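The structure under discussion appears below in the form of structure tokens.
The values are calculated or read from the model by the stated rules, or taken from the named source; none is laboratory data. Everything numeric here is computed off the predicted structure, so don't read it as measured data. Note that each Cβ is placed from the backbone with ideal geometry, even for glycine, and that neighbours are counted across all protein chains shown. When the accessible area is computed, the model is the full protein with side chains, heavy atoms only, and any ligands, DNA or RNA have been set aside. Shrake-Rupley method; radii C 1.70, N 1.55, O 1.52, S 1.80 Å.
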Amino acid sequence: MTEQDRQRIAAGIADGLSYSEIARRLDRPPSTISREIARNGGSGGYRPQQAHRATSLRARRGTPAPPRAAASPDDTVGEEIIEAAVRAGLPRMMARVHMDLLLSEEGRRTAAELTRRLNVSPASVSLAVNYLVQHGYVRRERDPQRRRDVYVIDDEAWYQSVVLSARQTLETARSAMTMAEASGPDSPVGQRMAKAGAFLERVSLDMLESADRSRGLLA
């Protein structure tokens, strides 16, 4: 891989492109891009010039690349799941933190552990876990002995995230109906907003009913 290729990889990461999109633009397999980034600092620490120098040095010495940590969310399978989450609307850093928690043996990590494993700043982890807690993906527990927060993901988190999303949609539906009444039920705006409100209300109520009905699957 040339230094120019690595510059384009870094630019793609900075622009928030998926590994698959970067691979497409470079006409390379996604696994090659994922491996290149993972062995050179990860998406949070990838530097094209340093990566190129490190690869050249390894080639001259005939030494292999440093081994990757076990169960890293930057492996090919994990990256595919992360990309799917990003396409569904989850910000990339939040998706990476979520995936790392999913892959942890006990489903729990401290902020310091997440910072170290993902090779990102504490501020990035703080922003990500706050987002995940607010949206029901994880919960925050306090370790009284060490006086630190622990972030936990368990089976119940799936139920909580669906319920939270449905309730937020229901609030949007009620706001649309209120706007419809204010605009007048016979006006074009009123009719449009009334239809949107009715649709969103029905969908959100169906989600809540389905979540309650299926909750036993997580037991």
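Here are some notes:
- GNM top mover of Val189, Val203, Val120 - the chain, alpha-carbon springs below 10 Å: Val189
- Folded to 0 to 90 degrees: helix 92-103 orientation relative to the chain principal axis, Cα: 80 degrees
- Counting only protein heavy atoms and a 1.4 Å probe, the stretch 75-139 has 49 square angstrom of accessible area per residue.
- Degrees between helix 3-14 axis and first principal axis of the chain (Cα, 0 to 90, nearest 10): 20 degrees
- Computing Rg and Dmax of the Cα atoms in Å for the structure here picks out one of (1) 20.0, 68; (2) 16.6, 58; (3) 22.2, 78, namely (3).
- Ordered from largest to smallest accessible area (heavy atoms of protein chains, 1.4 Å probe), the residues Leu101, Leu217 come out as Leu217, Leu101.
- For the stretch 184-210 versus the stretch 1-61, the gap between their alpha-carbon centres in whole angstrom: 47 Å
- Cβ-Cβ FRET estimate between Gln50 and Arg140, R0 fixed at 30 Å, reported to 0.05: 0.30
- For the chain, the longest principal axis of the C-alpha atoms and the axis of helix 122-134 are separated by about 30°.
- Global form of the stretch 1-44, assessed from the alpha-carbon gyration tensor, a/c cut-off 1.5: rounded
- Accessible area of the chain belonging to carbon and sulfur atoms, whole % at 1.4 Å probe: 52 percent
- Each of the GluC sites (Glu not before Pro) that DSSP puts in a loop and that has at most 13 other Cβ atoms within 10 Å breaks the chain; the longest unbroken stretch is 107-219.
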